1. How many of the residues making up the range 35-73 are within 17 Å of Asp20 (Cα to Cα), of a type in the set (S, T, N, Q) and loosely packed, with under 13 Cβ neighbours inside 10 Å?
2. Scan the range 7-29 and give yes if some residue there is at pLDDT 80 or above, hydroxyl-bearing (Ser, Thr, Tyr) and over 10 Å from the mean Cα position of the chain (by Cα), otherwise no.
3. When the range 45-55 is examined, which residues are found to be touching a helix residue (DSSP H, G or I) at 6+ places or on another chain (Cβ under 8 Å), farther than 10 Å from Leu25 by Cα and in a helix (DSSP H, G or I)?
4. Sort out which residues of the range 46-62 are of a type outside the set (Gly, Ala, Ser) and over 11 Å from the mean Cα position of the chain (by Cα), and write them in order of number.
Amino acid sequence: MVLTSGPDDSTSAALRPKVDLLVQLGALLALGAATSSLRVIVDRAIDAGASEAEIVGVLIAVAPAVGLARVVSSASRLAMAIGYDFEADE
C-alpha cells in the first residue's frame, strides 16, 4: 500500500483505515464510478468512523481536479450511496 524506507516504518507510514477509504472514495468519484461501487466504500468509511460531512467533503475536495461536470454527475450517486432519500425531499 505505502512504500517505506525500512522495516520499522511500516506501521507509521500507512494511512489510517478511515483516511484510506476516503482517498479510495475520491478516486472512485474522479472516475465517475457507479452508485454500487460508491456505496461499498461509503459503508466501509462510515464503519471506520467517517461522518457524512467528511464523505461529502471528499467530493468538494476533488472538485478542482475533476471539474464541475464530474462533480454534478457524481453528486446524486454519492447522495444515494450515503442513503439520501430523494422521494422524502419532494
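The values are calculated or read from the model by the stated rules, or taken from the named source; none is laboratory data. Bear in mind the structure is a predicted one, so any value in this text is a computation, not a measurement. Using ideal geometry, Cβ is built from the backbone for each residue, glycine included, and neighbour counts are taken over all protein chains shown.
1. 1
2. no
3. Once the filter is applied, which keeps residues that are touching a helix residue (DSSP H, G or I) at 6+ places or on another chain (Cβ under 8 Å), farther than 10 Å from Leu25 by Cα and in a helix (DSSP H, G or I), the range 45-55 yields Ile46, Glu52, Glu54.
4. Asp47
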